[in-house]
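Here is the structure we will look at.
The values are calculated or read from the model by the stated rules, or taken from the named source; none is laboratory data. As the structure is a computational prediction, the values presented were derived from the model and not from experiment. For neighbour counting, all protein chains shown are included, and Cβ atoms are generated from backbone atoms with ideal geometry for every residue, glycine included.
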Amino acid sequence: MDPLTAEIQALKKSKKATILAHYYQEGEIQDLADFSGDSLALARAATKVDTPIIVFCGVHFMAETAKILNPEKTVLLPDLKAGCSLADSCPADKLARYQEMLRINGRKFQTVTYINSTAAVKALSDWVVTSGNAEEIVRRVPEDHEILFVPDRHLGHYLQEITGRKMIFWDGACMVHEIFSVGDLIAMKKKMPGSIVLAHPECPANVLEHSDFIGGTEAMIRHVGKFSEPKDFLVATEPNMMWQLQKRHPQHRYHGVPGITCACNKCPHMARNTLEKLRDCLISENPRVEWEPCFDQAGEVLRRSLLN
Ligand code: SF4
């Protein structure tokens with residue numbers, strides 16, 4: 001074990017901390033975590049932590065969710081600037097004005113919000129969904145209500161297609177999933193006949209059209225596990241996901257689909273967390289997510305949506 005990893009392990013023990021890591025974190029961070037998962041699994045795991053400190057290796061809205069579900073615990077985020085372009089695309093004040101405008105126009109609707117959003121936006125919502133439970137929650141919305149889906153328009157369009165529910169879309173998107181290169185994907189499929197394309201529903205429709213399987217990261221792992229013979233999988237989601245796929249199902253070969261502007265298409269926000277910052281936040285017990293007034297209402301929506 002290298003000295004930095006050993007130092008983090010020792011700090012984790014002495015500080016009584018639990019490390020949660022998203023699948024989009026570097027493999028070396030996922031390796032150190034007590035639990036790795038997607039947003040839904042991590043939110044649920046956060047409610048079962050029995051240590052006084054949670055170190056959340058992911059982006060800010062995820063650490064915020066962990067704090068909301070654990071008000072009495074200290075929640076640390078190795079880099080407080082680890083944001084999310086998708087969450088940023090839907091400011092709470094703008095959403096509140098839009099909801100008001102719909103109400104004034106007599107529209108009867110419920111707001112279904114993707115978990116990649118700020119606590120203030122969750123507090124304005126009826127439901128919070130992840131890619132793992134979105135379809136099930138959308139089906140719970142009463143038929144006589146329209147659905148205002150925020151902030152990811154690509155996930156919204158995909159859900160509208162599979163559930164048949166008419167939606168009003170917010171114009172947000174993830175900077176990573178939006179820019180997969182369809183041209184490169186088609187070329188890769190030609191080069192590897194028999195390969196299987198896995199795509200996250202945050203990808204635009206033109207990528208989903210060329211995919212064999214559409215699902216969140218947990219669903220991808222389950223799907224890959226169904227194949228015992230070695231296969232080539234072309235993966236259209238954040239490339240660190242391939243580390244987890246390789247670990248769980250090493251019999252296969254995984255190939256990242258490149259982005260239009262960048263060959264690896266890594267999330268720059270997730271990449272802000274490093275082993276050094278993880279060590280430093282354990283030493284200083286900072287930066288931490290502080291409680292905000294909107295967390296009470298956001299917590300009600302989160303518990304109703306994700307924990308029941
Ligand atoms: Fe946000 Fe996209 Fe990065 Fe996920 S991959 S944290 S949705 S910018």
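A compact table of results
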{"read-out": "Total residues in segment 28-38, condition more than 17 Å from Glu218 (Cβ to Cβ) and within 16 Å of the ligand (Cβ to nearest atom)", "value": "1"}
{"read-out": "Of all residues making up segment 222-274, the number that are touching a helix residue (DSSP H, G or I) at 6+ places or on another chain (Cβ under 8 Å), in a helix (DSSP H, G or I) and within 13 Å of the ligand (Cβ to nearest atom)", "value": "1"}
{"read-out": "Hits in segment 112-141 (condition: part of a loop (DSSP other than H, G, I, E, B) and in contact with a strand residue (DSSP E or B) (Cβ under 6 Å, 6 or more places away or on another chain))", "value": "Ile115, Ser125, Asp126, Val141"}
{"read-out": "Any chance Asn286 is at pLDDT 95 or above and assigned by TED's automatic domain parsing to the domain that holds Ala33", "value": "yes"}
{"read-out": "Residue that is farthest from the ligand (Cβ to nearest atom) [pool: residues in segment 176-215 that are assigned to a loop (DSSP other than H, G, I, E, B), within 17 Å of the chain's Cα centre (by Cα) and under 19 Å from Pro258 (Cβ atoms)]", "value": "Pro204"}
{"read-out": "Some residue of segment 219-231 being under 30 Å from Pro142 (Cα atoms) and out of contact with any Asp or Glu (no Cβ under 8 Å at 6 or more places or on another chain)", "value": "yes"}
{"read-out": "Filtered residue count, segment 242-284, keeping only those that are surrounded by 14 or more Cβ atoms within 10 Å (Cβ to Cβ) and acidic (Asp, Glu)", "value": "1"}
{"read-out": "Complete set of residues in segment 27-36 that are touching a residue at least 60 places away in the same chain (Cβ under 8 Å) and under 17 Å from Ala6 (Cα atoms)", "value": "Gly27, Glu28, Ile29, Gln30, Leu32"}
{"read-out": "Unique residue being within 16 Å of the ligand (Cβ to nearest atom), part of a helix (DSSP H, G or I), of a type outside the set (Gly, Ala, Ser) and not assigned by TED's automatic domain parsing to the domain that holds Pro71 when the list is Glu218, Glu300", "value": "Glu218"}
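This table checks each residue for (1) touching a helix residue (DSSP H, G or I) at 6+ places or on another chain (Cβ under 6 Å); (2) of a type in the set (Lys, Arg).
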| residue | (1), (2) |
| --- | --- |
| Leu80 | no, no |
| Gly83 | yes, no |
| Cys90 | yes, no |
| Tyr98 | no, no |
| Asn105 | no, no |
| Lys108 | no, yes |
| Thr111 | no, no |
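For every residue, the table says whether it meets (1) within 12 Å of the ligand (Cβ to nearest atom); (2) farther than 16 Å from Arg288 by Cβ; (3) not β-branched (Val, Ile, Thr).
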position	(1), (2), (3)
Ile68	no, no, no
Leu76	no, no, yes
Leu80	no, no, yes
Cys84	yes, yes, yes
Pro91	no, yes, yes
Met101	no, yes, yes
Ile104	no, yes, no
Ser117	yes, yes, yes
